[in-house]
Amino acid sequence: MSKAMGDTLGRLEAVIHDRLSAGAADASYVASLAAKGRGKIAQKLGEEAVEAVIAAVSEDDPALIGEASDLVFHLSILLAARGLTWDMIAAELDRRHGTSGHIEKASRPQ
């Protein structure tokens, strides 16, 4: 990940944590979504994933960039609501680096 991407995700994570801590659902989209519970956050993440897939196969690059940004944003909210961080995700990706995807997947518990 480029330093710029890491800085961007770090900034996003900090803003989301601030909005969740403030809990002002009337003033923050993040807080209002979180107030509806993890199920609603996950549902919104799924909707954004579908929109990203549609953009990938039938729209232009700017549309996909926009949908991918929405997807990362909503994933960031879900991670924060679970108490997880982008550093944890990066550590897992680092752990998997250099391992065949087929081997890594086969090593997961069934």
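The values are calculated or read from the model by the stated rules, or taken from the named source; none is laboratory data. Since this is a predicted model, take the numbers as computed values, not measurements. We place every Cβ from the backbone using ideal geometry, glycine too, and count neighbours over all the protein chains shown.
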Out of Arg82, Arg96, I need the residue that is within 28 Å of Val30 (Cα to Cα) and of a type in the set (Lys, Arg). Which one? Arg82
Hey, Asp26 hits all of (1) at pLDDT below 95; (2) among the acidic types (Asp, Glu); (3) within 25 Å of His97 (Cβ to Cβ) but one; which does it fall short on? (3)
Against the condition at pLDDT 95 or above, under 20 Å from Asp7 (Cβ atoms) and acidic (Asp, Glu), how does Asp18 come out, does it pass? yes
Provide a single number: the residues in the stretch 42-74 that are within 17 Å of Leu12 (Cα to Cα), among the hydrophobic types (A, V, I, L, M, F, W, C) and surrounded by 14 or more Cβ atoms within 10 Å (Cβ to Cβ). 5
Matching residues in the stretch 20-30 - criterion: being within 16 Å of the chain's Cα centre (by Cα) and surrounded by 12 or more Cβ atoms within 10 Å (Cβ to Cβ): Leu20, Val30
Identify, please: which residue in the stretch 82-104 is in contact (Cβ under 8 Å) with a residue 60 or more places away in the chain and assigned to a helix (DSSP H, G or I) and is, among those, surrounded by the fewest Cβ atoms within 10 Å (Cβ to Cβ)? Ala90
How about the stretch 22-55: which of its residues are in a helix (DSSP H, G or I) and among the acidic types (Asp, Glu)? Glu47, Glu48, Glu51
Residues of the stretch 49-78 being aliphatic (A, V, I, L, M) and in contact (Cβ under 8 Å) with a residue 12 or more places away in the chain, in sequence order, are Ala49, Ala52, Ile54, Ala55, Leu64, Ala68, Leu71, Val72, Leu75, Ile77, Leu78
Condition check: under 23 Å from Ser2 (Cβ atoms), at pLDDT 95 or above, of a type in the set (D, E, K, R) and in contact with an Asp or Glu (Cβ under 9 Å, 6 or more places away or on another chain). Does Glu59 satisfy that? no
Please tell me if Ala42 is in contact with a helix residue (DSSP H, G or I) (Cβ under 8 Å, 6 or more places away or on another chain), closer than 22 Å to Ser21 by Cα and among the hydrophobic types (A, V, I, L, M, F, W, C). yes
